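What follows is a single structure, written as structure tokens, with notes after it.
The values are calculated or read from the model by the stated rules, or taken from the named source; none is laboratory data. Predicted model only: the values in this text are computed from it and were never measured. Methodologically, a virtual Cβ is constructed for each residue, glycine included, from the backbone with ideal geometry; neighbour enumeration extends over all protein chains shown. Heavy atoms of the whole protein, side chains included, go into the accessibility calculation; ligands, DNA and RNA do not. Shrake-Rupley method; radii C 1.70, N 1.55, O 1.52, S 1.80 Å.
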Amino acid sequence: MCVSTLRLTTDQAIVKWLIAQRTLIDGVDQPVFAGVFAIFGHGNVTTLGEALEPVQDQLPTWRGQNEQTMALAAVAYSKAKLRKQIMIASTSVGPGCSNLLTAAAVASVNRIPLLMFSGDYFVHRAVDPVLQQIETFSDPTVSVCDAFKTVVRYWDRISRPEQIIRSLPQALATMMDPGDCGPAFFALPQDVQAEAFNFPVEFFQTRYHYFRRPAPDRRDVEKAVTLLSEAKKPLILSGGGVRYSEANDLVASFAERRGIPIAETAAGKATVLGSHPNNVGTLGTIGSSSANAVAEEADVILAIGTRLQDFSTGSWSVFKNPNARFILVNTNRWDAMKRTDCAVIGDALESLTMIDEEMGTYAAAQSWLGRATDLVNEWNAYLDGWTQRTDLDPPSYGQIIKACNALATADDYVVCAAGGILGELTMAWSALAPNSFDSEWGFSTMGYEVAGAWGASMARVDERARTGGEVLTFMGDGSYLMANSDVFSTVLTGHKAIFIVCDNGGYAVINRLQVNTGGAEFNNLYASSRRVTDTTVDLLQHITSMGAQGERVESLDLLPAAFARARAATASYALVLPVQAYTWLEGGAWWEVGVPEVSERAEVRLARGEHEADKKHQRIV
């Protein structure tokens, strides 16, 4: 056959193919791959760097400060774009590559597309071991790149240039598969990156891509309808999959018309408004007492687009009705089969539409939603009581969150990830707009907060220009100190974020867990750690040294004016607040952790007894 070709290096061909992939978002032609985060080294600068530099108007490259955090920014970008666009992370060999592992796991757990290219050894092996190469004595083909096989959805090592013709489309198909969505990783040996090949011109033709909407099997829908129609106390559990399916409005209207309470998972926070009359709050260990009480009584749980993580189910202890049945709606077979009553394997919007069409005039008794409303009112009164407390100095997380919530607008976007503050946010924050809340609780990655704010701000450039909405990212001092260099990234690239940094003197929420399970305070708060000085980090000085503006807010009455200054600032701005280390909101759900069966501490033995009592409520099926 006579085929038109272009002679390009492997990396030049990769870049040209990436640019040719397009999508339509709200009818507007957009690139699938919105940009590249890169830290160059000897495994990518001479080849991939050479290919990227001439196309900055088509595929912009952003300089990272740390490989892990730049890839976390990529995850947050795709989250904010509802997975409709993908960012790329490129690293050198060795530690640059291995630094990506955590971010790959975050993308995998959260079902977020992320494309990674890392340098690798030379295929010809003549120079082994190259700088930063790990040698596996029993298998010379193994490198640090192989470590990614456990944390990605798609993995390949390109040993010949023409292999990308088959592999790149498969990687993209995986990343845009609603059931198998997650990260893709390519190991690029240094010699292969530089090799040239006559690539077919057809390979670089513009192609359009989209997330498909697989419809469920009608037999599963019929089973779901039968179960739900028999329910006296149904409950909808709305997960992150509702957001990505853009089924928010249908979930809300379905619940309204049929009198069904809605609880949300951490990933599903803000799938419906916090003020929605059917919203009973976040479910589980970091949830509200109202959602947990409704779940205790529910007889049919319609769980849509959720992995059913242990924090959402209270380690499967919140559903206390022994006759409760579960309908799991998910595009992913694995998630849909986590309970055996009824699996509806399909897109959330398509599946719920079909269920709705078959449900007839069914609606739960008004008394059930009335009961849920009373429980929500009790929870809100509890939160209001915290807001009005005057005996706490410094304030608690809950007080700070409620105060910030009152100052936020519907155009703002919240980022959080780990520690006690995330739990208090999922309990106390009332979402002002759909899809306005990114809680990376899937892998609960300390340090996501700063990097995630950078990625989210980058994704929301147009929204901010149009509405003035800000990215508000909440973190404790522990998370901030773990990964903070992207404060500088937000300043350097002009992607503003407001950093709300709450200082409680260490890892206070883990100290809480340690004490609540009978342990002595040890190695969590600075005060209980091995040390030779009482010196602490001046967080504000640290943040402002990277170019951000900011101020210390010593009391809640100073917060409104400080928040206004943060909003008015043109660059990233930090609000550093002292916060209680021993005072927390409580939603009433259990979480299973390992409590020693044998211990010399009486407190541990007592905690073990409480653990065994709580475990009796745990559902096995």
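Filter segment 375-426 for residues that are among the polar types (S, T, N, Q) and either part of a helix (DSSP H, G or I) or at pLDDT 95 or above (or both) and give the result. Quick ask: steps written out before the conclusion?
Going through segment 375-426, the residues among the polar types (S, T, N, Q) turn out to be 377, 380, 387-388, 390, 396, 399, 405, 409, 426.
Hits for segment 375-426 are Asn377, Asn380, Thr387, Ser396, Gln399, Asn405, Thr409, Thr426.
Ile304 - would you say it is open to solvent by 30 Å² or more (accessible area, probe 1.4 Å) and touching a residue at least 24 places away in the same chain (Cβ under 8 Å)? Talk me through it step by step, then tell me what you get.
Working: open to solvent by 30 Å² or more (accessible area, probe 1.4 Å): no; touching a residue at least 24 places away in the same chain (Cβ under 8 Å): yes.
Taking the combined requirement at face value, the residue does not satisfy it.
I'd like to know if segment 275-282 contains one or more residues that are open to solvent by 10 Å² or more (accessible area, probe 1.4 Å) and either aromatic (Phe, Trp, Tyr) or closer than 28 Å to Glu612 by Cβ (or both). Talk me through it step by step, then tell me what you get.
Of the residues in segment 275-282, the ones open to solvent by 10 Å² or more (accessible area, probe 1.4 Å) are 275-277, 279, 281.
If we keep only those that are either aromatic (Phe, Trp, Tyr) or closer than 28 Å to Glu612 by Cβ (or both) as well, we get none.
No - not one qualifying residue is present in segment 275-282.
When you scan segment 285-321, how many residues do you find that are over 22 Å from the mean Cα position of the chain (by Cα), among the hydrophobic types (A, V, I, L, M, F, W, C) and more than 19 Å from Asp335 (Cβ to Cβ)?
Going through segment 285-321, the residues over 22 Å from the mean Cα position of the chain (by Cα) turn out to be 289-290, 292-302, 317-321.
The next check asks that each one be among the hydrophobic types (A, V, I, L, M, F, W, C); those that pass are 293-295, 298, 300-302, 318-319.
Those still in the list that are more than 19 Å from Asp335 (Cβ to Cβ) too: 293-294, 298.
Counting residues in segment 285-321 that are over 22 Å from the mean Cα position of the chain (by Cα), among the hydrophobic types (A, V, I, L, M, F, W, C) and more than 19 Å from Asp335 (Cβ to Cβ) gives 3.
Could you check segment 271-289 and list, in sequence order, the residues that are aliphatic (A, V, I, L, M) and either closer than 10 Å to Ser238 by Cβ or in contact with a His (Cβ under 6 Å, 6 or more places away or on another chain) (or both)? Can you show your working first?
Keep residues of segment 271-289 that are aliphatic (A, V, I, L, M), which gives 272-273, 280, 283, 286.
Result: Val272, Leu283.
Where residues in segment 316-344 are among the polar types (S, T, N, Q), in a loop (DSSP other than H, G, I, E, B) and at pLDDT 95 or above, which of them is least open to solvent (accessible area, probe 1.4 Å)? Break it down stepwise before answering.
If we filter segment 316-344 for residues that are among the polar types (S, T, N, Q), which is where we start, we get 317, 321, 323, 330-332, 340.
From the residues that got through so far, the ones that are in a loop (DSSP other than H, G, I, E, B) too are 317, 321, 323, 331-332, 340.
From what's left, at pLDDT 95 or above: 317, 321, 323, 331-332.
Numbers: Ser317: 5, Asn321: 32, Asn323: 117, Thr331: 37, Asn332: 24 Å².
Top of the filtered list is Ser317.
Would you list the strands (runs of 3 or more DSSP E) that sit entirely within segment 60-139 and hold 1 or more residues that are among the charged types (D, E, K, R)? Let's see the steps before the verdict.
Numbers: elements: 61-63, 86-91, 114-120.
Fully inside segment 60-139 and qualifying: 61-63, 114-120.
Can you name the number of the only condition in (1) of a type in the set (Asp, Glu); (2) over 27 Å from the mean Cα position of the chain (by Cα); (3) modelled with pLDDT of 95 or more that Asp347 fails?
Among (1) of a type in the set (Asp, Glu); (2) over 27 Å from the mean Cα position of the chain (by Cα); (3) modelled with pLDDT of 95 or more, Asp347 violates only (2).
On the basis of being surrounded by fewer than 24 Cβ atoms within 10 Å (Cβ to Cβ) and in a loop (DSSP other than H, G, I, E, B), does Arg213 make the cut?
Details: surrounded by fewer than 24 Cβ atoms within 10 Å (Cβ to Cβ): yes; in a loop (DSSP other than H, G, I, E, B): yes.
It is true that Arg213 is surrounded by fewer than 24 Cβ atoms within 10 Å (Cβ to Cβ) and in a loop (DSSP other than H, G, I, E, B).
Step by step: first the residues of segment 427-450, then only those that are among the polar types (S, T, N, Q) and in a loop (DSSP other than H, G, I, E, B), then the one that is nearest to Ser312 (Cα to Cα). Which residue is that? Even if it seems obvious, please write down each step before you answer.
Narrowing segment 427-450 to residues among the polar types (S, T, N, Q): 430, 435-436, 439, 444-445.
Then drop every residue that is not in a loop (DSSP other than H, G, I, E, B), which leaves 430, 435-436, 444-445.
On the way: Ser430: 18, Asn435: 19, Ser436: 19, Ser444: 13, Thr445: 17 Å.
The residue in question is Ser444.
What's the number of the only condition in (1) in a helix (DSSP H, G or I); (2) in contact (Cβ under 8 Å) with a residue 40 or more places away in the chain that Ala465 fails to meet?
Here Ala465 clears every test but (2).
Test of understanding: among Gly519, Gly469, Gly494, Gly476, which residue is at pLDDT 95 or above, surrounded by fewer than 18 Cβ atoms within 10 Å (Cβ to Cβ) and not aromatic (Phe, Trp, Tyr)? Before you say what the answer is, go through the steps one by one.
Details: Gly519 fails: surrounded by fewer than 18 Cβ atoms within 10 Å (Cβ to Cβ); Gly469 fails: surrounded by fewer than 18 Cβ atoms within 10 Å (Cβ to Cβ); Gly476 fails: surrounded by fewer than 18 Cβ atoms within 10 Å (Cβ to Cβ).
Testing whether each residue is at pLDDT 95 or above, surrounded by fewer than 18 Cβ atoms within 10 Å (Cβ to Cβ) and not aromatic (Phe, Trp, Tyr) leaves just Gly494.
Restricting attention to segment 10-57, and to residues there that are of a type in the set (A, V, I, L, M, F, W, C) and in a strand (DSSP E or B), which single residue is farthest from Cys97 (Cα to Cα)?
Val28
Working carefully through the options Val225, Val242, Val221, find the one that is in contact (Cβ under 8 Å) with a residue 12 or more places away in the chain, within 30 Å of Ile86 (Cβ to Cβ) and hydrophobic (A, V, I, L, M, F, W, C).
Details: Val225 fails: within 30 Å of Ile86 (Cβ to Cβ); Val221 fails: within 30 Å of Ile86 (Cβ to Cβ).
Step by step, each of Val225, Val242, Val221 is checked, and only Val242 is in contact (Cβ under 8 Å) with a residue 12 or more places away in the chain, within 30 Å of Ile86 (Cβ to Cβ) and hydrophobic (A, V, I, L, M, F, W, C).
Please go through segment 347-372 and pick out each residue that is over 21 Å from Asp249 (Cβ atoms), open to solvent by 50 Å² or more (accessible area, probe 1.4 Å) and not in a loop (DSSP other than H, G, I, E, B).
Gln366, Ser367, Arg371
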